[in-house]
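**Q** Below you'll find the structure I mean.
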Amino acid sequence: MELSFTQGRWNYESWGGFDPISSSNAKPPGVELWAVFDVPQHHIDASWKNLTHTLSGLFCASINFLQSTATYSTPEWSFPPASGNVRYGTLPCEAVCTENQTPWLKLLPCRDKAGIALLLDRPSLYRGFYHSQQLHLTSTGSSSEGIDSGIILEQTLTVVLQPNSEMAIEVHASEKHIQPSWSLSSIFGKQVSGICVLAKSSSVYLLLDRGLVAELKFPNKENGKSAANGLTSENFWSNPSFELSANPDRIFLEESSSHSKSLSILYMFQVEKYSESEPFDIGLMWKVPVAWLCQQTPLHASRFLMGSGNERAAIAISLKSTQFTEGFMSANSKDGSCELRVAVFQVVPWYVKVYFHSLRVFVDQQPRAVSDIIEKIHVSPSKDKMSPGVMEVVLKLPCRVNTAALTIEFDKGFLRIDEYTSDANQGFDIPSAIISFPNFHASMVFLEDDSLNKSPEKCPVMSYTEVLLVPLTTPDFSMPYNVITITCTVFALYFGSLLNVLQRRVAEEERFLKAKAAKKTGRLPLLLSKLSAKLRGRRLEPLHSPPSSSSFINSKLVLKVILVAGLAVGWQYFSS
């Protein structure tokens, strides 16, 4: 089983792709999980579901989203030799942060409190160009050497950081372009003050790439091997190219490689002899500007979308030659004919309806017959909400090829509103495609005291393409809010009026209006009655309060009469 959390994308053109570091540690953005199960076929899916839930809770991630059959695939021969028992799933949009790294650090013997793990400063790691933490589990059975069965846990952290160029600026102030000098303290902000007491050994290795060794300046340098001999000699630290801040404990020279004329150099520094009073801080200071190119894969792969609109489109995978020499390509020669085999593994979500019969192949910008280029192919069409689409292809290309391309058309499906993500307007991700070269393997074998070291396991040369972002037709997510708002307003008005009518008491309101009208019957009616009694010469009778309705009407009538009389008087005054 292998689980990786990756932030950023590996730059194969600048950082290489043929060496074991880039081949085994370069991973796609987000989360990638694949596992091989040693259980019956009908128990594999249940075991995968339990595995995803366990890892999700352990690493505080959304790995449990891979439990659905619509999110993982079953490769047939892209992950040899366990065909049929492999499950593969990715989450390209998964964000990687410190809450994923903390459980990973807890699996270390001394966490990040002692030993080399002291360098794992979180701000320094996450401000780099690339960051990938991996967890590799392998179950072993009992062997003849007396090793009991168990599980081997291997943790790998791959980081690409930008060195602090202050050291280079101080030494070479007049140079505008120079490889910056660096040290552990300038990159990570910390030094190694000791070892972890639970660790059996603690060492730091410094690898000089084959391309770098070939470019280093040495007196009477004729080829990469003479340069390597100069770097492994006793006075290697006095070479005119660079200077190390500490002397290495051991130096290893790579065995001659058939893929390159130059050889790699490996310096080993043992951390056991350093302490808190004398911490370990290896550094490298360049004396002259040096520029080199890391060894790349035979073909550089890239992927992009074609077409426009929200209905149909196409996926294109482009392969470009990296201009390797004939000696490098001769490894694939067979009966005098040179062939380069390229394996492509592509998984597409179920809502991307791929038409596999529309597969087209171009070699050097010329269309070719599919049967002439494709050696074998395995296709698993997608099922709606059930399983993704899988395509496994092995291409047979001539070694002198400059460019090659694959195109395949697809339709964009429609989703229900509950199947959209929270950021649906951003688009939907198509996981990275895996491009591998079956006939090439990345490995480094170093010599120690003129004897061959134990050969490491050869890892296949593979690379990952970009993650594609496909825009799908998305509904107006504000419409449900508008409908809910209008509906609630109508219901509030209806029920408010209904409750007002049901709870209102008419008799009490009439008594209240009568009492209010009786209070208003005061000075004005009394003055009018007194004036009328004096004019008639009659005795003033006590005024009885009439019914509230008639009193209210009379008062309004009196006010209207007074208003009309006032208007008439005013009109007569101004007209005269």
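No value in this document is a laboratory result; all are computed from the given coordinates. No experiment lies behind these values; they were computed from the predicted model shown. Every residue, glycine among them, receives a Cβ derived from its backbone with ideal geometry; neighbour counts consider all protein chains shown.
**Q** Take peptides 371-383, 414-426 and line them up by average Cβ neighbours within 10 Å, highest first, as a rough protection proxy. Display every interim value, and only then the final one.
**A** Working: 371-383: 14.3, 414-426: 11.2.
Ranked from most to least packed, the peptides come out as 371-383, 414-426.
**Q** Under the definition of Cα pairs under 8 Å and six or more residues apart, what whole-number percent is the relative contact order of the stretch 363-500?
**A** Details: 124 pairs, mean separation 26.3, N = 138.
Dividing the mean separation by the residue count of the stretch 363-500 yields 19 percent.
**Q** Which value, in Å to one decimal place, does the Kirkwood hydrodynamic radius take for the stretch 38-90 when every pair of different Cα atoms is included? Spell out each step's value before the answer.
**A** Working: mean 1/r = 0.0862 Å⁻¹.
It is 11.6 Å.
**Q** In terms of the ratio Rg/(2.2 N^0.38 Å) built on C-alpha atoms, what value belongs to the stretch 1-100?
**A** The value comes to 1.14.
**Q** Can you pick out the pairs among Lys353/Lys458; Lys190/Lys287; Lys49/Lys106; Lys27/Lys383; Lys27/Lys113 whose Cα atoms lie more than 30 Å from each other? Each step should come with its number before you reach the end.
**A** Values: Lys353/Lys458 37 Å; Lys190/Lys287 25 Å; Lys49/Lys106 24 Å; Lys27/Lys383 27 Å; Lys27/Lys113 27 Å.
In this structure, Lys353/Lys458 exceed 30 Å between Cα atoms.
**Q** Could you tell me what a quarter of the Cα convex hull surface of the stretch 299-477 works out to, in nm² with one decimal place?
**A** 14.2
**Q** Further question: Could you sort the peptides 495-501, 128-134, 25-31, 359-365 by per-residue average Cβ neighbour count (10 Å cutoff), highest mean leading? Walk me through the numbers on the way to the answer.
**A** Details: 495-501: 9.6, 128-134: 18.9, 25-31: 23.6, 359-365: 15.7.
Ranked by mean Cβ neighbours within 10 Å, highest first: 25-31, 128-134, 359-365, 495-501.
**Q** In addition: Which ³J(HN,Hα) values, rounded to whole Hz and listed in residue order, are derived for the stretch 119-127 from phi using the Karplus coefficients 6.51, -1.76 and 1.60 in 6.51 cos²θ - 1.76 cosθ + 1.60 with θ = phi - 60°, glycine and proline given as x?
**A** Rounded to whole hertz, the list is 6, 7, 7, 4, x, 5, 6, 7, 9.
**Q** Highest mean first, how do 189-198, 36-45 rank when packing is the count of other Cβ atoms within 10 Å averaged over residues? Could you put the intermediate results ahead of the total?
**A** Details: 189-198: 16.1, 36-45: 12.4.
By packing density, highest mean first, the sequence is 189-198, 36-45.
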